[in-house]
Structure formats: C-alpha cells, structure tokens
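Taking it in order: structure first as structure tokens, then the write-up.
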Amino acid sequence: MKRFILGAILLSLSFTAFCQQKLRKSEVPQEVRQGLENTYTDYKLEGWYFETGQYVANINIDNNTGRVFFTPTGNWQYTIFDIKAQELPTLVDNYFINNYPGYRIKQSQYVEDMSGDNYYRLIIAMKGVAQTEYEMIFDTRGKLTKTNAPDPDYVKKDYIARLNPEAIEYRQKKMAEREGIQGEGISVDYEKEQAEMKKSKKVDVSAPDAVDTPKIPEEVTSAFKKKFPRSEVKSWSQEGENYRAVYDRRGSDAELLMKKDGTFISTTTNVDKARYPRLITKDLALRYPKAKIEKFQKIDYDSKYKRSVTDTKLDTYYYIELTEKIKGKNDKKRIKVTYDKSYKFQGLAGSDDEYAEDEE
C-alpha cells in the first residue's frame, strides 16, 4: 500500500502544472468536503482543485501550506506540506551537506499519508543552470529510504576534481609513471613526490574516529533482551550509574533508561511532528513565537519503578527543546520545557531533570 501511495504522490507532483483544475466549493462532492473535516481541524481553506483523478484541498495550518488529496468518495490519501530547507531534521540536513557538496535543495516537503508512514521529500540538483534534478526520500527519523541521486562517493570525488583539477591530474600522472617504470627497476623519488604534493591544493575527505561503546553490565543487557526479545539495540550509553539503550520501536527510535541492576526506569519516544498535541503547540506559539521545535519527546515511567519511588510523584510528561535566533549574533538560544500528560505547561527543564542538557 505504501508503495502505491508513494507512486501516486510522485505522479501527482510530476503532472500538477498540466492537470490542475480549480473548482468552486459547490463543485466539490459533499463526501470530499466531509473528508477534509474528518482529517483536519483548525485549518484555513484556500481553495479546491481537481487533478490526476483526485480532489485537492489547499489548506493553511499555523502558517504551513498543505495540499490534501482525496478520492472522489472522500477518502483521504495523503497531504503534502512545503517546508523550508532550514526546517528539515538535523539528520536529513547533515546527510545532504556531507554527501552532496556542490548541490542545492530546490524543493523540500513533508508528506503525511494514510498508512502513517510519513516522510520528507527533497528535490536536489547540482548548482548551476538547467541541471538534472534528483529525488530523495527520508523517513521521519531522518534515514534515507529511497533516491535516484548519484552515489555520494562519486559526487564527492567529482566535487574535489572540479575544485582542484591540478591535484587530480598530478595523481593520475604519478600513477601512470609508476606503472610504466615498475618493470625497469627504477624507484620513485618519494620525498620529492611528497614535497610536490604539499604544493598542490589537496582536499582531504576523512571519516570520523569510531566512538567506543561503554561496557554494559550483563544484568542490564539480559533485562533488555527479556523485555524486548525481537529488538536490537542500536547504541548504548552510560549516564551516571544508569544506562540508556536506543532501539527500534515500531519503526521509530525509542530510548530505555535502566539501572545497573536491570531495573527499568523510563521509556522515551520521539513524537512525530504530525502528532504533536495541538494544545502544546498553541501554547508554545504564544510563549515562544519565534522559536523552532528541535526535539519533542514523551517520557513514560515504568510502573514498578513508579511504585518504588515514594518521595516523588512520577508521571508521564513531555520534554521539548526549542531554538531561537539571538538578534545580532550567529548563535542560537536553546530553550527546554516540559508539559504534563494533560498538556499543561510545567516550566523550564532544570539541570536536575534527567533529560536536560547543557546550554549551547
């Protein structure tokens, strides 16, 4: 089903300019209009269209423009939101920057579909006029799932060659010389070669050093495997006397905090952008109108652990990080807040909060 929906989305994006027909409200079936009411609330309708056999509603939600697609019977199919490149998740942005130098993002979108597998869609192209466009699809965690773009290794090598063709030509010449003289017993002057290489504008692309994994007590790993026998831990980290496991939970990263004896403390899950509680986003818009949400997490305490803690009331809460530009500076201010399970503001997350981080 997801493959069919994705194909339909790409088809609609390709032929929108040719097949879009504007409609009056009276020309839209009642079932389709009701489908919009059932799908979204607190939206501003900007117009109805008909394209590629589907009814399309142009809507605006909190200053975000979206195109909502329905079947003639009023069944919602998917919604496409245009977003700014600077609003993309950090992992998506980093992947593009690190793997496609010399390219630019021509279009960025966030797509919600009826399967619940929402994703980000980028259209990229090499900088310049009339360059070939490529498509990249990322899941909500920022993982690349589909693309027709060139291989990143080729892109980086090509970028280096275009930046410094002299260095590339020099290396090719030296390789040819080695191959030509190996059978004659003549050695290459290594020191001279290195001196000449230093004069060239060499660009080095190196991989970061591997990060050592902390030693995890057997009680911790055994307790995790017993609770989640089919889940694989992506990474372990130590936080004081506790240990945190990052693992896959129904297609999204989750975190489990445990004591060194294997006792479960809490589970942290990332809240999808499409599922942000509206009461929280409205309150944040009033308190921090210029801030951007960078992290939105839900923390649930283990029931047994809650019963063992008698001096403090532990309950489900939301932890949110926002960034706000500082006027006149390149730095950004990081704001950390919490809301309780009924979406009421609890205040700034202090240093004693187990999820709080140092200010940047």
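Outside any helix (DSSP H, G or I) and touching a Ser or Thr at 6+ places or on another chain (Cβ under 7 Å) - does that describe any residue in the range 33-41?
As a first pass, look at the range 33-41 and keep what is outside any helix (DSSP H, G or I): 40-41.
Next, from what is left, pick out any that are touching a Ser or Thr at 6+ places or on another chain (Cβ under 7 Å): none.
Within the range 33-41, not a single residue is outside any helix (DSSP H, G or I) and touching a Ser or Thr at 6+ places or on another chain (Cβ under 7 Å).
Could you list all residues from the range 261-298 that are over 23 Å from the mean Cα position of the chain (by Cα) and touching a residue at least 24 places away in the same chain (Cβ under 8 Å)?
Listed by number, the residues that qualify are ASP261, GLY262, THR263, PHE264, ILE265, SER266, LEU279, ASP283, ARG287.
Could you figure out which of (1) loosely packed, with under 13 Cβ neighbours inside 10 Å; (2) more than 17 Å from the chain's Cα centre (by Cα) isn't true of ARG250?
(2)
Considering only residues that are touching a Ser or Thr at 6+ places or on another chain (Cβ under 6 Å) and of a type outside the set (D, E, K, R), look in the range 89-127 and name the one that is nearest to LYS295 (Cα to Cα). Spell out the reasoning first.
So in the range 89-127, the residues touching a Ser or Thr at 6+ places or on another chain (Cβ under 6 Å) come out as 112, 118, 122.
Applying the additional criterion that residues be of a type outside the set (D, E, K, R) yields 118, 122.
Values: ASN118: 17, LEU122: 21 Å.
Filtering the range 89-127 for residues that are touching a Ser or Thr at 6+ places or on another chain (Cβ under 6 Å) and of a type outside the set (D, E, K, R), the one nearest to LYS295 (Cα to Cα) comes out as ASN118.
Looking at the range 67-124 only, could you name the residues that are among the charged types (D, E, K, R) and either modelled with pLDDT of 90 or more or part of a strand (DSSP E or B) (or both)?
So in the range 67-124, the residues among the charged types (D, E, K, R) come out as 67, 82, 84, 87, 93, 104, 106, 112-113, 117, 121.
Across the range 67-124, the qualifying residues are ARG67, ASP82, ARG104, LYS106, GLU112, ASP113, ARG121.
Any residue in the range 215-243 that is free of Cβ contacts under 8 Å to residues at least 24 places away in the same chain and more than 21 Å from TYR305 (Cα to Cα) sitting within a Cβ distance under 7 Å of a residue that is assigned to a helix (DSSP H, G or I) and open to solvent by less than 100 Å² (accessible area, probe 1.4 Å)? List the pairs, counting only those 6 or more apart or interchain.
Sorted first by the residue in the range 215-243, then by its partner, the pairs are VAL233/PHE224.
Scanning the range 316-332 for residues that are assigned to a loop (DSSP other than H, G, I, E, B) and β-branched (Val, Ile, Thr), which turns out surrounded by the most Cβ atoms within 10 Å (Cβ to Cβ)? I'd like the intermediate steps shown before the answer.
First, the residues of the range 316-332 that are assigned to a loop (DSSP other than H, G, I, E, B): 316, 326-331.
Of the ones still in play, those that are also β-branched (Val, Ile, Thr) are 316, 326.
Values: THR316: 13, ILE326: 10.
The selected residue is THR316.
The values are calculated or read from the model by the stated rules, or taken from the named source; none is laboratory data. Note that the structure is a prediction, hence the values are computed from the model and not measured. Glycine gets a Cβ as well: all are built from the backbone with ideal geometry, and neighbour counts include every protein chain shown. SASA here: full protein model, heavy atoms, side chains in, ligands and nucleic acids out. Shrake-Rupley method; radii C 1.70, N 1.55, O 1.52, S 1.80 Å.
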